[in-house]
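Notes for the one structure printed next.
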Amino acid sequence: MFDKFNNDDSSYNVDNFELIKKTAPEVGKMIEKEYNRQCNNVELIASENYCSEAVLAANGSCLCWKYAEGYPYERTSGNKGRYYGGTEFIDEMEEYCCDKWREVFNTDYHVNVQPHSGSQANFSAYKSILKTGDTILSMSLNNGGHLTHGSSVNFSGNLYDMHFYEVDDNGFIDMEDVRRKAEELKPKLILAGASAYSRTIDFPKFAEIAKSVGAYFMVDIAHIAGLVAAGEHISPFGYADLITTTTHKTLRGPRGGLIFGRQELAKKIDSAVFPYAQGGPLEHIIAAKAVCAVEALDPSFKVYQHQVVVNCKAFCKEFIDMGYNVITGGTDNHLFLLDLSEYEFTGQDLQNKLDEVGITLNKNSVPNEKRSPMKTSGVRIGTAPMTSRGYMEEDFIEVAHRIDVVIKELASK
Ligand code: DSN
């Protein structure tokens, strides 16, 4: 499964479950079944990917049991030192990881590599600049934003005074609405970034609006980070005060988060991660993040990210040519949203039917959604995982027709 982007001489056996089976047979069998599912299915979940064996090996390394609360000695933040002995190599690793990520995004921003996830990165990023009750202007979950961008069922919607900018009738972010609401609300923070938005986000314009109303500007690039690193999407560095990401989506690394911020925010960012939100950092994940950064600096990474976008455009166009309604009428990145509002069946129904034929994607709300988040009127389709497995445009076009067959079957019931 991993042969498309791995060295042939890897000695790490991702499909060797015998050791696990010796100790915990049921667990070994369950992991093996999931591994086979991942190998056999067409995986189209836009937030997933396959990481390399090197990333997996770092993930499963001896760093997993090392405690290292605190930060390496050389950090600029002032949060110096660890609360445990024996951290000299961990310090070296974490510093190296930070340096490599700055190199990946060609930035001199401060970076904190400890967040356990994108949600925790957002939690700490908000905490570093906001007080409870402060106003945030962001994109709602229904329009493509993320749960942590202010959903009422999430900490963000409970701790902060959330307001949302809209998308226009075609599904594009309405920048005039952003400006209008920014001027009206005078938010402390304007947030850009999404989980289900298929178009280029205009970071310079967001930054200009934020500056004009004295707001901080933060971008969550969790989905498009790989594209940003490879120059396939405009970079928010230089425009945003804070940038968060996960490392496992288009970046193709381990599960985890990163926070970048302007140097003057360094100390606040670090203390908002540890000791405010987290205890011991997951140093094995930090090592895997470092491997991921090294991979992202390899010229082949740019080729991969470019192909992700080329594949996505071809896949999306095939649906449009077959007469389907795609939100915004196309895509600029690694995903697009199929709008099923006109059908009796739901996004959930299509997700379930596709599961039965070995195609994995997820139901997704669409702008002006009438159905519940458990049903939805859309599905989200991404090309990053299958591009890692070597799929090209013609492979995705063939999958579009397989999905079309399933939709026609559901529609005929
Ligand atoms: N829930 C993830 C996604 O699927 O986009 C983001 O955290």
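The values are calculated or read from the model by the stated rules, or taken from the named source; none is laboratory data. This structure is a prediction, so every number in the text was calculated from the model and none was measured. Positions of Cβ are generated from backbone atoms using ideal geometry, with glycine treated the same way; all protein chains shown enter the neighbour counts.
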*Restricting attention to the stretch 12-30, which residues are β-branched (Val, Ile, Thr) and either in contact (Cβ under 8 Å) with a residue 24 or more places away in the chain or surrounded by fewer than 15 Cβ atoms within 10 Å (Cβ to Cβ) (or both)?*
Val14, Thr23, Val27
*Within the stretch 148-162, how many residues are touching a helix residue (DSSP H, G or I) at 6+ places or on another chain (Cβ under 8 Å) and surrounded by 17 or more Cβ atoms within 10 Å (Cβ to Cβ)?*
9
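Quick one: which of Phe315, Phe319 is assigned to a helix (DSSP H, G or I), out of contact with any Pro (no Cβ under 9 Å at 6 or more places or on another chain) and within 24 Å of Cys51 (Cβ to Cβ)?
On the way: Phe319 fails: within 24 Å of Cys51 (Cβ to Cβ).
The unique qualifying residue is Phe315.
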*asked:* Could you go through the stretch 91-114 and let me know if any residue there is modelled with pLDDT under 95 and more than 19 Å from Phe260 (Cβ to Cβ).
replied: yes
_Name the single residue that is farthest from the ligand (Cβ to nearest atom) among those in the stretch 111-148 being in a helix (DSSP H, G or I) and hydrophobic (A, V, I, L, M, F, W, C)._
Ile129
*Being crowded, with 24+ Cβ neighbours inside 10 Å, charged (D, E, K, R) and in contact (Cβ under 8 Å) with a residue 12 or more places away in the chain, is that true of even one residue in the stretch 228-236?*
no
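Out of all the residues in the stretch 236-268, which are within 22 Å of Ala182 (Cβ to Cβ) and in contact with a helix residue (DSSP H, G or I) (Cβ under 9 Å, 6 or more places away or on another chain)?
In the first step, residues of the stretch 236-268 are kept if they are within 22 Å of Ala182 (Cβ to Cβ); the result is 236-244, 261-262, 265.
Hits for the stretch 236-268 are Pro236, Phe237, Gly238, Tyr239, Ala240, Asp241, Leu242, Ile243, Thr244, Gly261, Leu265.
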_Only one of Gly85, Gly60 that is among the small types (Gly, Ala, Ser) and over 17 Å from Gly256 (Cα atoms)_ = Gly85
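Looking at the stretch 349-375 only, could you name the residues that are of a type in the set (S, T, N, Q), within 16 Å of the ligand (Cβ to nearest atom) and either surrounded by fewer than 18 Cβ atoms within 10 Å (Cβ to Cβ) or closer than 16 Å to Asp404 by Cβ (or both)?
From the stretch 349-375, those of a type in the set (S, T, N, Q) are 351-352, 360, 362, 364-365, 368, 372; that's our starting set.
From what's left, within 16 Å of the ligand (Cβ to nearest atom): 351, 360, 362, 364-365.
Residues satisfying the conditions are Gln351, Thr360.
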*Output the residue which, of all residues in the stretch 149-171 that are outside any loop (DSSP other than H, G, I, E, B) and touching a residue at least 40 places away in the same chain (Cβ under 8 Å), is farthest from Ser47 (Cα to Cα).*
Val167
*Might you let me know whether the stretch 254-271 holds any residue that is closer than 25 Å to Val310 by Cα and either modelled with pLDDT of 95 or more or under 18 Å from the mean Cα position of the chain (by Cα) (or both)?*
yes
*asked:* Could you check the stretch 195-230 and list, in sequence order, the residues that are out of contact with any strand residue (DSSP E or B) (no Cβ under 7 Å at 6 or more places or on another chain), over 17 Å from Asp177 (Cβ atoms) and hydroxyl-bearing (Ser, Thr, Tyr)?
replied: Ser195, Thr200
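Can you pull out the residues in the stretch 385-413 that are part of a helix (DSSP H, G or I) and either touching a Gly at 6+ places or on another chain (Cβ under 7 Å) or not hydrophobic (A, V, I, L, M, F, W, C) (or both)? Walk me through it before giving the result.
From the stretch 385-413, those part of a helix (DSSP H, G or I) are 385-388, 393-411; that's our starting set.
Pro385, Thr387, Ser388, Glu393, Glu394, Asp395, Glu398, His401, Arg402, Asp404, Lys408, Glu409, listed by residue number.
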*Would you point out the residue of the stretch 26-69, among those that are farther than 24 Å from Thr383 by Cβ and in a loop (DSSP other than H, G, I, E, B), that is nearest to the chain's Cα centre (by Cα)?*
Gly60
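Within the stretch 173-276, which strands (runs of 3 or more DSSP E) (wholly inside it) include 1 or more residues that are over 30 Å from Cys64 (Cα atoms) and more than 16 Å from the ligand (Cβ to nearest atom)? Give the derivation first.
On the way: elements: 189-192, 216-220, 242-246, 257-261.
In the stretch 173-276, the matching strands (runs of 3 or more DSSP E) lie at 189-192, 216-220.
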_Residue that is more than 16 Å from the ligand (Cβ to nearest atom), surrounded by fewer than 13 Cβ atoms within 10 Å (Cβ to Cβ) and not basic (Lys, Arg), where the choices are Asp108, Asp91_ = Asp108
